[in-house]
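Each value in this text was obtained by applying a stated rule to the coordinates, not by laboratory testing. Fair warning: this is a prediction, and the values are worked out from it, not measured in the lab. Using ideal geometry, Cβ is built from the backbone for each residue, glycine included, and neighbour counts are taken over all protein chains shown.
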Amino acid sequence: MFETLLISDENRVRTITFNRPDELNAVNAAMAGELVAALKEAAKDAGVRCLVLTGAGRGFCAGQDLKAVGRRSGEFDFSKTLRETYNRIVTAIRTMEKPVIASVNGVAAGAGWSLALACDLRVASSQAKFVTAFGKIGLVPDAGMTFALPRLVGPARSLEITWLGEPISAERALELGLVNRIEEPDNLASAVLTLAESLARCAPRSLALTKRAINASLGNDLPTQLDYEAQLQGIAGVTKDYAEGVAAFVEKRAPEFTGE
Ligand code: LHQ
């Protein structure tokens, strides 16, 4: 049981809901610690085939709880907090061997936006908005934002977004490739669940190895990536799920994957 998170499971999809709605789900120390623990649990639970992160109430996540950091410089150890919490959270999402979807139900600000960016896919409510106010509060983008943004939109747009801090609507985010899909607010949760269930029906190792390959590609040259693909296909091609996938295809039935 967590104090700041709600956890629910449905059809092999785990949903972690940030649950500090009065603060637009801003992250305090308790929530950061619980998130690290919840991600670890989801990663090792073979019954969880896909993970969804979302927020309770009208916000997705407003980033670091600014009321918890103090107003005087030196009062709060930013580097330590980042290294000991946010960096672990982002690493856990990026290295999780299963799909992680951000269901962005409302505003995602600062490190809250970074958490959405760390996810593999983003589905936004048409009412969602994305805010970085780092220039306005005298901080720099963190929690992986400077890693994810240039990979999605390139360096010039990343600087424009992070320097100016102009709020980005869901529609603009879709145009820029910052989100995969937009849904009407009332439809968001069910559309994300449907998407997550489709992923949960796929062969788990195939999804995991594909995530590894796509992540690695951005740091690899072509020969290295081709060799990496050959290596991963060598692993996938001897799984029971590969045999099941081929058998199901030949027998014209839906495959039942076990993750082996
Ligand atoms: C909040 C927050 C919040 C506490 C809304 N904290 N209460 C830094 C340090 C170390 C490590 C990690 O990373 C970082 C980077 C960061 O994440 S720095 C923080 C970045 N986030 C922001 O700068 C967002 C600050 N919030 C806002 O600009 C607005 O609240 C947004 C644009 C998100 C939403 O605006 P509105 O829809 O007008 O809502 P609101 O401002 O009225 O907020 C509702 C409540 O939520 C309000 O509480 P109250 O008791 O007055 O009703 C806010 O104080 C609270 N809240 N964000 N980050």
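Taking segment 14-39 as the range and being out of contact with any helix residue (DSSP H, G or I) (no Cβ under 7 Å at 6 or more places or on another chain) and charged (D, E, K, R) as the test, the residues that pass are ASP22, GLU23, GLU34. Taken as a whole, the structure places ARG157 among residues that are more than 18 Å from ALA62 (Cα to Cα) and either within 14 Å of the ligand (Cβ to nearest atom) or basic (Lys, Arg) (or both).
Residue-level check: of (1) more than 23 Å from the chain's Cα centre (by Cα); (2) assigned to a helix (DSSP H, G or I); (3) in contact (Cβ under 8 Å) with a residue 24 or more places away in the chain, PHE257 misses just (2). Looking across segment 25-71, just one residue is within 30 Å of ALA203 (Cβ to Cβ), touching a strand residue (DSSP E or B) at 6+ places or on another chain (Cβ under 9 Å), part of a helix (DSSP H, G or I) and within 16 Å of the ligand (Cβ to nearest atom), and that is LEU35. When you check SER217 against the structure, is it in contact with a helix residue (DSSP H, G or I) (Cβ under 7 Å, 6 or more places away or on another chain), buried (at least 16 other Cβ atoms within 10 Å of the Cβ) and hydroxyl-bearing (Ser, Thr, Tyr), yes or no? No, not satisfied. Where helices (runs of 4 or more DSSP H) fall entirely within segment 145-189, those with at least 3 residues that are in contact with a Ser or Thr (Cβ under 7 Å, 6 or more places away or on another chain) are at 145-153. Of the set (1) near the ligand (Cβ under 9 Å from one of its atoms); (2) crowded, with 21+ Cβ neighbours inside 10 Å, all apply to THR81 but (2).
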